[in-house]
1. Which percent of the accessible area of segment 138-181 is formed by carbon and sulfur heavy atoms (probe 1.4 angstrom)?
2. Does a label point 7 Å from the Cα of residue 37, set along Cα-to-beta-carbon, have any residues of segment 79-107 with amide nitrogen under 12 Å, and which are they?
3. On full extension of the chain, what length is gained from residue 23 through residue 63, given 0.36 nm per residue of separation minus the C-alpha to C-alpha distance?
4. How large is the charge dipole for segment 2-85, taken about the Cα centre, if only the Cβ atoms of Lys, Arg (+1) and Asp, Glu (-1) carry charge, to the nearest 20 debye?
5. Could you state the accessible area per residue of segment 10-78 in Å², with a 1.4 Å probe and every protein chain left in place?
6. Give me the tail of P(r) for segment 1-105 as a percent: Cα-Cα pairs with distance above 22 Å.
7. Let me cross-check residue 75: its accessible surface, 1.4 Å probe, with only protein heavy atoms counted, in Å² to the nearest 10?
8. Using a 1.4 Å probe on the protein heavy atoms, what percent of the accessible area of segment 8-115 belongs to carbon and sulfur?
Amino acid sequence: MPAGGKNVTFVYDPVTHWIADDINNKIVTAAGSFQSELGCAADWAPNCLTSWLKDIDGDGTYTWSTTAIPAGTWKVKAAIGQSWTESYGQGGSPTGADISFTVPTNGATTGFSYDRTTHVLSVRTQEPPGPAPDGTLGALYTPARTTFRIWSPDNAQVSVTVGGQTHTLRPADVSGYTDVYQAIVPGDLKNQPYQFRVPTTRSATHTPAWSSPAPPRAS
């Protein structure tokens, strides 16, 4: 290297074929407690490029998203230059606390966005789509997940209990219906009994005969 020169690090994304260097770009990684779930050698690994945020269009916002982070509550910081020499936590502060976020269910999309000017790292999650919204209420089964839906025009505080766990139902956009609530529960729940609960109304228990991936018709 010539006198007065500087080492340059290049990184390459085999999916988008984008190449970046640490002179003209920031190498930003989402380093946190979830990285081993993505295949990184360890958590809190700023040099693991699996969680690399990219600014391909050069607008100063670095982004990355994944569906590989399991359901649960996790923590993250923005690490710059594949080390902890420069990093940012809550509020874009170098001394900011870890940023906490919750993935609602397996398969949900988690998106990370880092602003080069403010150094703020934002995290957003979105539940995966359930089976085709064909207007079916009750339990819509697949081996990977089951969508539980109920029509509740008088009370929004509805839940479903299945497999010994209770899940809160949230408003759903289902063609042909209003006041529909749903919860997407991951895992193979074949032949598991479930119970919807609506305050001030009578609960009903169903044991669907799920024998195929087709949406079951609960009795």
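The values are calculated or read from the model by the stated rules, or taken from the named source; none is laboratory data. Every value quoted in this text rests on a predicted model; they were computed, and no experiment measured them. Cβ placement follows ideal geometry from the backbone for every residue including glycine, while neighbour counts extend to all protein chains displayed. The protein model used for the area step is the full one, side chains on, heavy atoms only, and it has no ligands, DNA or RNA in it. Shrake-Rupley method; radii C 1.70, N 1.55, O 1.52, S 1.80 Å.
1. Here carbon and sulfur together make up 44 percent of the probe-accessible area.
2. Answer for this model: 101-107.
3. Length difference between fully extended and current span is 12.5 nm.
4. On the way: 5 positive and 8 negative charges, 47 e Å.
Approximately 220 debye in magnitude.
5. Working: 3260 Å² over 69 residues.
Dividing the accessible area of segment 10-78 by its residue count gives 47 Å².
6. Tail of the P(r) past 22 Å holds 33 percent of the pairs.
7. Solvent-accessible area, nearest 10 Å²: 100 Å².
8. C and S atoms contribute 50 percent here.
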